[in-house]
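Here the structure comes first, spelled out in structure tokens, and everything after it is commentary.
Just so you know, all these numbers are worked out from the coordinates, no wet-lab data involved. Keep in mind that what you see is a predicted model, and the values were worked out from it rather than measured. As a convention, Cβ positions derive from the backbone with ideal geometry for all residues, glycine included, and neighbour counts pool all protein chains shown.
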Amino acid sequence: MHLFDLTDRVVIVTGASSGLGDQFARALHAYGAKVIAVARRRDRLDALAQACPGLDARTLDVTDDEGCARLVADVLDTYGRIDGLVNNAGVGAPIPAIEEDLDDFRRVLDVNVTSVFHLARLVAPGMLAAGRGSIVNIASIYGLGSTYPVGDASYTASKAAVINLTRDLAGQWGKHGVRVNAIAPGFFRSEMAEELFTNERAHKRISQGTPMRRTGAPGELDGALIFLLSDASSFVTGQTIAVDGGWSTH
Ligand SMILES: NC(=O)c1ccc[n+]([C@@H]2O[C@H](COP(=O)([O-])OP(=O)(O)OC[C@H]3O[C@@H](n4cnc5c(N)ncnc54)[C@H](OP(=O)(O)O)[C@@H]3O)[C@@H](O)[C@H]2O)c1
């Protein structure tokens with residue numbers, strides 16, 4: 001139990017207003033962490049805070065550079081340190097490359113990659129000074145391969161970038177005790193993934209393409225997240241853990 005203990009760890013979770021981020025915030029709260037839950041939709045964050053007494057909900061657009069800097073400064077002011085960062089906020093919607101314009105492509109990269117780098121860089125100085133800290137970036141199995149037959153160039157490019165950004169930051173900060181890892185989820189029901197669950201053909205395709213013959217259930221990413229944020233993974237850095245029922249094996 002002690003290995004996975006997160007009591008009083010100060011952890012920022014982005015994209016906590018729905019889907020995986022909402023579940024991550026609830027799981028970390030249940031494990032005793034001081035969770036700072038971040039997203040744009042205030043009503044969703046308020047509902048989360050009501051369900052998790054003591055959870056600290058903050059409104060933020062992760063592409064707002066100054067807002068990110070203010071958030072990290074405020075959290076440091078309030079708690080004195082940041083032990084963990086979960087870069088989970090993300091966007092993506094399938095679109096043929098021929099129809100995706102440059103502004104849309106750049107917007108996806110901005111949310112899914114640039115904000116991950118920016119927030120990691122903002123929390124790093126405190127972690128490096130403390131000689132400890134864990135950053136977990138939420139990538140995707142689509143960062144390990146293409147979305148074929150779907151088509152979503154900006155999304156796959158962004159998630160592959162997250163995986164290699166994770167490796168590079170791990171290489172730069174490892175000697176100071178700051179670990180950077182990623183999780184590559186398979187298919188989990190969320191606002192972003194809704195179409196895959198309501199469209200019968202799509203759901204059949206992803207279920208049958210998964211060796212475990214099903215999609216992920218709510219909470220099935222919690223184990224990997226708690227492992228990576230806790231001392232249980234104290235010698236693990238630069239890694240991407242696929243939690244995907246085996247999808248990435250083919
Ligand atoms: N579901 C899956 O099967 C799956 C698989 C692999 C990877 N992922 C990854 O998991 C992460 C969570 O996605 P999800 O599936 O849970 O989708 P979701 O339900 O659509 O959640 C996306 C979250 O990101 C937040 N967000 C988006 N843009 C933001 C911005 N500019 N600033 C701040 N927050 C922003 C949203 O909050 P607001 O709109 O309130 O700001 C929301 O909380 C994403 O990185 C996604 O790529 C999901």
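Structure above, values below:
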| quantity | calculated |
| --- | --- |
| Residue in segment 239-247 that is more than 27 Å from Leu119 (Cβ to Cβ) and not hydrophobic (A, V, I, L, M, F, W, C) present | yes |
| Residue in segment 199-211 that is in contact (Cβ under 8 Å) with a residue 40 or more places away in the chain, within 13 Å of the ligand (Cβ to nearest atom) and assigned to a loop (DSSP other than H, G, I, E, B) present | no |
| Test for Gly216: is it among the small types (Gly, Ala, Ser), within 16 Å of the ligand (Cβ to nearest atom), in contact with a helix residue (DSSP H, G or I) (Cβ under 8 Å, 6 or more places away or on another chain) and without any contact (Cβ under 8 Å) to a residue 60 or more places away in the chain | no |
| Residue among Leu48, Leu28 that alone is in a helix (DSSP H, G or I), of a type in the set (A, V, I, L, M, F, W, C) and closer than 19 Å to Ser230 by Cβ | Leu28 |
| Selected residue (only one of Ala232, Ala161, Ala182, Ala157 is buried (at least 21 other Cβ atoms within 10 Å of the Cβ) and either without any contact (Cβ under 8 Å) to a residue 40 or more places away in the chain or not in a loop (DSSP other than H, G, I, E, B) (or both)) | Ala182 |
| Cβ-Cβ under 9 Å pairs, at least 6 apart or on other chains, segment 46-74 side under 19 Å from Pro125 (Cβ atoms) and among the basic types (Lys, Arg), far side part of a loop (DSSP other than H, G, I, E, B) and near the ligand (Cβ under 10 Å from one of its atoms) | Arg70/Leu60; Arg70/Asp64 |
| Those residues of segment 30-43 which are more than 22 Å from Gly126 (Cα to Cα) and either away from the ligand (no atom under 12 Å from the Cβ) or not basic (Lys, Arg) (or both), in sequence order | Ala30, Tyr31, Ala39, Asp43 |
| Residue selected from segment 105-138 under the condition touching a residue at least 40 places away in the same chain (Cβ under 8 Å) and more than 19 Å from the chain's Cα centre (by Cα), by the criterion surrounded by the fewest Cβ atoms within 10 Å (Cβ to Cβ) | Gly131 |
| Some residue of segment 94-112 being touching an Asp or Glu at 6+ places or on another chain (Cβ under 7 Å) and part of a loop (DSSP other than H, G, I, E, B) | yes |
